[in-house]
Each structure stands twice: as structure tokens, then as C-alpha cells.
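This report concerns only the one structure given below.
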Ligand code: ARG
């Protein structure tokens, strides 16, 4: 994770961001501390990268890289505003002894790549280029399945879908192209589907460890569905970070050793 020490909204690279609307950086920091504390209470270890002044979106660690089986595929950001984050995250991993690969093609790490047990789901349409899907597959040696995003509000795959565990997922069908929706129905016949209301509060930007799910507190319908399936749901308030288009998952880069 990356402390939001320099968080604010100074540019708009997705429909959630409005540089003319006020942000409350102190509140953003308190909300982020709550998220970090929630992970630690669950027994997860949280490592931190130093934030860089002038990089207000660096708090969204998910975008920094993709880590699968201890291999780190680096991010190459679509927008110049975030370009410097890619090398910063890759250096963190190299400094911590991980084998890394610098990407040739545009991709925003775990914003658009979500690892399942036997394959990786990969979004395209707004940020990550489909050529990066192939590059990641070749580097990581796991099948990468392309999914096309069709609604600019759900510009990263992790704003529209999250793995419930290594084999099943929850998603908002309205964020995907017709073909990709059919792919999802085939892959996940037992999926939990979310409605527009849940999606609009970034309820799909959740993090599951297979048993516990950390999710934006406003995603009430989805929370009920998850509890009905037996998950332990931990609602969090990340309203300030949502002003930049981010939620719990965006703040979290999962390190799979
Ligand atoms: N403002 C950031 C951007 O548009 C938000 C990134 C959210 N991260 C994510 N994993 N969806 O790039």
C-alpha cells in the first residue's frame, strides 16, 4: 500500500475525477488508515512504498504492478500524469528481491489484471492494451483471458469485477461488452452479479481473501448477497478516495509469493 500523503484531485483521467471539487486530504488519510488497519486485524501483512510528491494517484497501489507466483510484471501507465509510478513500484519490488519484468506495452497492473488460481483475467478498452495481455501471459506462464470494458465509469477491470476466491468472481455485467459478458457467464456460472447501484459506489472494487471481503460500505445490496453466500464482509468508508475513482482494491496491490 502507499500512504495518501500527497492525495488530491488535480487532473481528470476518468469520469469520477473533478479537479474543481474540493478534497479533504486529512480525511482521505484517516480512511486509508482504517483500510490498512482492517487488513492487519485480519492477519494480513501490509508493506508500504514511499509516496512521491506530485503523484496524487500513487495511493492506488493496485495499478503499480501485477504479482503472480512471486513474479512481478511492471506497469506502464496510459496517462502521462501517472507515468512515473510504474518505475517506482518496479524498483520497490526489485529492491525487495522479486524477479521483475519491465513491460513493453501499456498496462495498469492489478487495475486491469486479476489473478485467479489457474488463469488471469485481463481488462482492456480504456487503459491496458491487449498486447500487454499477451506479454503478461508469456512472462507469467498462465493463461490470460481478455475481457472488454465498455463503460468509461468502469475504466479498470477492478472497478467492475473482483475474485471471490481463486475460482469464482463477483461482477457488474453492465460494464462489459456482449462477448465478454458471455465469457464471464461461461467461466463463472456460479458468480455473484451486482446491480448498477452497487457498481456506482465502486462496490466491485473489493478485496477478498477467500473468506473475508473488504468492500465500500455503500454497496448494500452486494454486501447482503455476499453474506448470504457465507462470506464475512467488512464494510469500509473510502468516500474521499472515490473522488479520484478509487476504492479498497485500488489501494491494494496483492503480493502473491
Ligand atoms: N485516479 C486513478 C486513475 O484514474 C484511479 C485509479 C484507481 N485504481 C484502480 N485500480 N482502479 O488512474
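Please treat every number below as a calculation from the coordinates, not as lab data. From a predicted model like this one, the values you see are computed outputs, not experimental measurements. With ideal geometry, Cβ positions are generated from the backbone for all residues, glycine too; neighbour counts draw on all protein chains shown.
With runs of 4+ DSSP H residues as the only contributors, calculate the mean residue ellipticity of the chain at 222 nm using -39,500 (n - 2.57) per run, divided by the residue total and rounded to the nearest 500. Calculated mean residue ellipticity at 222 nm is -7500 deg cm²/dmol.
At a threshold of 8 angstrom on Cα-Cα distance, excluding pairs fewer than six apart, so keeping six or more, what relative contact order does the stretch 1-146 reach in percent? Rounded, it is 19 percent for the stretch 1-146. Each peptide in 214-222, 74-82 was scored by the mean count of other Cβ atoms within 10 Å over its residues; highest first, the order is 214-222, 74-82. Here the chain is described by how far its Cα atoms reach on the three principal axes: 44, 39, 36 Å, from widest to narrowest.
Using only alpha-carbon positions in the stretch 80-152, the gyration tensor eigenvalues give semi-axes of 20, 17, 10 Å once each is multiplied by 5 and square-rooted (largest first). Among 95, 129, 112, which one moves the most in a GNM of the chain with springs linking Cα atoms closer than 10 Å? Between 95, 129, 112, it is 95 that shows the largest mean-square fluctuation. Relative contact order of the chain: 20 percent, from C-alpha pairs under 8 Å at least 6 residues apart in sequence. Measuring spread by the Cα atoms of the stretch 123-257 yields a radius of gyration and Dmax of 14.3, 39 Å. DSSP assigns beta bridges within the chain; of those with both partners inside it, close to 50 percent run antiparallel. For the stretch 58-102, the alpha carbon positions stretch 28, 19, 17 Å along the principal axes, listed from largest to smallest.
With all pairs of separate Cα atoms included, the stretch 158-204 yields a Kirkwood hydrodynamic radius of 10.6 Å. Shown for the stretch 177-257 is the translational diffusion coefficient from the Stokes-Einstein equation, using the Kirkwood radius over Cα pairs, a temperature of 20 °C and a viscosity of 1.002 mPa s: 158 µm²/s.
Please report, to two decimal places, log10 I(q)/I(0) for the stretch 1-145 at q = 0.10 Å⁻¹ as given by the Debye formula with identical point scatterers on the Cα atoms and no solvent. Log10 I(q)/I(0), no solvent term: -0.36.
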